[in-house]
Amino acid sequence: MKATTSRQPSSVAAGIFQLVGVIMILSSLIDYAVLLFPPVTPTNLNPEQLQLLGLQQTVSVTTQLIDRGIIPMVGLAFLFAGFWIDSNSGATKKGLSGILQPGALALSVLLGIAFLGLTFVNVNSQRLLNQRTVEQISTRSQQAETQLKDRSQQVAALAQDPRRLSELDQAISSGRVQGQQRDQLQAIKQQLEQFKQDPKALEQRVKEAQTQIRSERDQTLKQSRQDLIKSSVRSGVSSLLLGLGYLGIAFTGVSGLVGGVKPPRR
């Protein structure tokens, strides 16, 4: 009678642990299924844009999966804690508990393999996405330098064109423009006269602008590399640890099952 009474609280505690574990695992699996459901893709994108969008979605989904990967692990911990309480209280593995234990072990193996695979997928996708970002930054920088060169040539030609300078002077002196527009025209005239007298001044302005464009490009590329390293290390290490952790749970659970089988006493 005392033995039955002493086992009852342990049995209740084991049932609570197992119930909490099942709820956490099921809610996580539903959450994963929703994340893996493919989003609606716009139809007006070209192949290059579709590839870029695919990389962005892959990085986003895998990062969210990794960030939420600890929840099923906690659920499995609750389950195995319930199994351990059952085994130490002398309860036999029957019914739901007997089904949950091998299922939990199989799920641990599957999640371990999945998170090890996510380590490669996430890090590689981030690397490819960073490459595309670097290409875009370099392309924008080249376009800015090309535009700067074209405009400098236009300004140089305008500074050496007496007719254009005369028209600009007439527009200022005629009084047709007033206020801020007149001040802007005067500033342009002064710059053109300066560039006409000293062509090297224009070259100096162009060099300064090129230096600024390249400095901004280098700073953006450096920041992009730093972001890649931080996100890759964070997600990669977390996913690797989760994968090893799940496989460790499975190995420990199997060892417990094998070690828990003891020959009957004589």
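The values are calculated or read from the model by the stated rules, or taken from the named source; none is laboratory data. Predicted, not measured: the structure shown is a model, and the values here were computed from it. FYI the Cβ positions are ideal-geometry reconstructions off the backbone, even for glycines, and counts take in every protein chain you see. Remember, those area values only see protein heavy atoms, side chains included, never the ligands or the DNA or RNA. Shrake-Rupley method; radii C 1.70, N 1.55, O 1.52, S 1.80 Å.
Which one is modelled with the lowest pLDDT, of the residues in the stretch 202-233 that are small (Gly, Ala, Ser) and surrounded by 14 or more Cβ atoms within 10 Å (Cβ to Cβ)? Within the stretch 202-233, the match that is modelled with the lowest pLDDT is 209.
Exactly one residue out of 236, 253 is open to solvent by less than 80 Å² (accessible area, probe 1.4 Å), assigned to a helix (DSSP H, G or I), modelled with pLDDT of 90 or more and not polar (S, T, N, Q), and it is 236. I'd like the residue in the stretch 241-250 that is open to solvent by less than 80 Å² (accessible area, probe 1.4 Å) and of a type outside the set (Phe, Trp, Tyr) and, out of all such residues, is nearest to residue 102 (Cα to Cα). Looking at the filtered set, the residue picked out is 250. Within the stretch 143-172, the only residue that satisfies the criterion of being open to solvent by 90 Å² or more (accessible area, probe 1.4 Å), at pLDDT below 70 and either β-branched (Val, Ile, Thr) or within 15 Å of residue 203 (Cα to Cα) (or both) is 160.
Taking the options 127, 68, name whichever one is touching a residue at least 60 places away in the same chain (Cβ under 8 Å) and basic (Lys, Arg). Walk me through how you get there before you give the answer.
Working: 68 fails: touching a residue at least 60 places away in the same chain (Cβ under 8 Å).
Going through 127, 68 in turn, the sole match is 127.
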